[in-house]
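Notes follow once the structure below has been shown.
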Amino acid sequence: MPDAVMRLDKFFSSQSILSRKETAKCVRQGRITVNGEPARACDQKISPGRDRIALDGQEVGFKQHVYLMLNKPAGVVSATEDSRYPTVLDLVPPELYRKGLFPAGRLDKDTEGFVLLTDDGEFAHAMLSPRHHVPKVYEAVLDGPVGPREQELFAAGMTLASGEVCAPAGLRVLSGGEHPLVEVTLVEGKYHQIKRMFGAVGRRVEALKRVKIGGLILDKTLQKGDCRALSPQEVEAVISRIL
Ligand code: URA
């Protein structure tokens, strides 16, 4: 639910459109209207979602939360801060940055691919809960072949060396050879899970990339380190499945 009332400058900064200072300037210049009337002051109270706010005549919609698709490169940690390595937040451009952003689910430092960043705690919690079985799809390069035996073990729910039991997982060979490319589908996220699952069948993961979360496929056009906002339709598609 949108806040009941909010200062005009907070509204613009929360939407990553204008800083508080810029909002004050735009108000003075008469570029902002509230329900068709010129805004009176930058601390004017408005009701996001109810009042019609426009900048230069363009109506500004209100988004309570942000949801970003990041193509994480290797060497970056899935955390909000780290003393040694760059974090996924360091890759978010200023125009998409919001206070309270965090990664909804972790990838290892050396794993690449799809990380969903959001400031919506309820959504992240639901998405990560094993109860919701949101599938995450990974591509892995292995140090040797796998076949029907490994597929059956993954499908049955593997027991790791630690004794932990995994939920049933999918394993598909995408291209064979000495260093096959395989696709793994998980509905949970145990620590180093894929590496440990392959370790349990005598294989080593040489490269790992997450390519899909739920129904969302990592954009092929998103370069490593790039980030984009999910469209309202994409957000709706994910949220309607889990909340
Ligand atoms: N499994 C792993 O081993 N590492 C990841 O980063 C994700 C899944």
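The values are calculated or read from the model by the stated rules, or taken from the named source; none is laboratory data. These numbers come from a predicted model, not from an experiment. In this analysis, Cβ positions are derived from the backbone assuming ideal geometry, glycine residues included, and neighbour counts consider all displayed protein chains. Just the protein is used for accessible areas: all its heavy atoms, side chains included, with ligands, DNA and RNA removed. Shrake-Rupley method; radii C 1.70, N 1.55, O 1.52, S 1.80 Å.
For region 145-243, which fully contained helices (runs of 4 or more DSSP H) count at least 2 residues that are open to solvent by less than 70 Å² (accessible area, probe 1.4 Å) and in the same structural domain as Leu107 (by TED's automatic domain parsing)? Can you show your working first?
Numbers: elements: 148-156, 193-200, 232-242.
Of the helices (runs of 4 or more DSSP H) lying wholly inside region 145-243, those with at least 2 residues that are open to solvent by less than 70 Å² (accessible area, probe 1.4 Å) and in the same structural domain as Leu107 (by TED's automatic domain parsing) span 232-242.
Going through region 5-19 one residue at a time, which ones are crowded, with 20+ Cβ neighbours inside 10 Å and either over 24 Å from the mean Cα position of the chain (by Cα) or in a loop (DSSP other than H, G, I, E, B) (or both)?
Leu8, Asp9, Leu18
Across region 172-197, what is the total count of residues that are in contact (Cβ under 8 Å) with a residue 60 or more places away in the chain and within 20 Å of the chain's Cα centre (by Cα)? Outline the logic, then answer.
Our first condition is that a residue be in contact (Cβ under 8 Å) with a residue 60 or more places away in the chain; within region 172-197, this holds for 189, 192, 195.
Okay, now just the ones that are also within 20 Å of the chain's Cα centre (by Cα), so 189, 192.
The number of residues fulfilling the criteria is 2.
Being assigned to a loop (DSSP other than H, G, I, E, B) and among the β-branched types (Val, Ile, Thr) is the filter here, so list the residues in region 132-144 that pass it. Even if it seems obvious, please write down each step before you answer.
Keep residues of region 132-144 that are assigned to a loop (DSSP other than H, G, I, E, B), which gives 133-135, 143-144.
If the condition is that a residue be assigned to a loop (DSSP other than H, G, I, E, B) and among the β-branched types (Val, Ile, Thr), then Val134 is the only one that fits.
Restricting to region 95-118, and then to whatever is open to solvent by 30 Å² or more (accessible area, probe 1.4 Å) and in contact (Cβ under 8 Å) with a residue 40 or more places away in the chain, can you tell me which residue is farthest from the ligand (Cβ to nearest atom)? Reasoning before the result, please.
Kept after step one, since they are open to solvent by 30 Å² or more (accessible area, probe 1.4 Å), are these residues of region 95-118: 95-97, 99-100, 102, 106, 108-110, 112.
After this cut, where a residue has to be in contact (Cβ under 8 Å) with a residue 40 or more places away in the chain as well, the list is 95-97, 106, 108, 110, 112.
Values: Glu95: 28, Leu96: 23, Tyr97: 24, Arg106: 7, Asp108: 4, Asp110: 8, Glu112: 9 Å.
Going through the qualifying residues, I end up with Glu95.
Tally up the residues in region 187-211 that are at pLDDT 95 or above and more than 10 Å from the ligand (Cβ to nearest atom), please.
8
Going through region 60-85 one residue at a time, which ones are open to solvent by 20 Å² or more (accessible area, probe 1.4 Å) and away from the ligand (no atom under 16 Å from the Cβ)?
Within region 60-85, Val60, Gly61, Phe62, Lys63, Gln64, His65, Val66, Tyr67, Thr80, Glu81, Ser83, Arg84 qualify.
With respect to Gly177, is the statement that it is of a type in the set (Gly, Ala, Ser) and within 16 Å of the ligand (Cβ to nearest atom) true? Let's see the steps before the verdict.
Numbers: of a type in the set (Gly, Ala, Ser): yes; within 16 Å of the ligand (Cβ to nearest atom): no.
Considered against the rule, which asks whether it is of a type in the set (Gly, Ala, Ser) and within 16 Å of the ligand (Cβ to nearest atom), Gly177 comes out as no.
Which is among the polar types (S, T, N, Q) and in the same structural domain as Leu116 (by TED's automatic domain parsing), of Thr33, Thr80?
Details: Thr33 fails: in the same structural domain as Leu116 (by TED's automatic domain parsing).
Going through Thr33, Thr80 in turn, just one is among the polar types (S, T, N, Q) and in the same structural domain as Leu116 (by TED's automatic domain parsing): Thr80.
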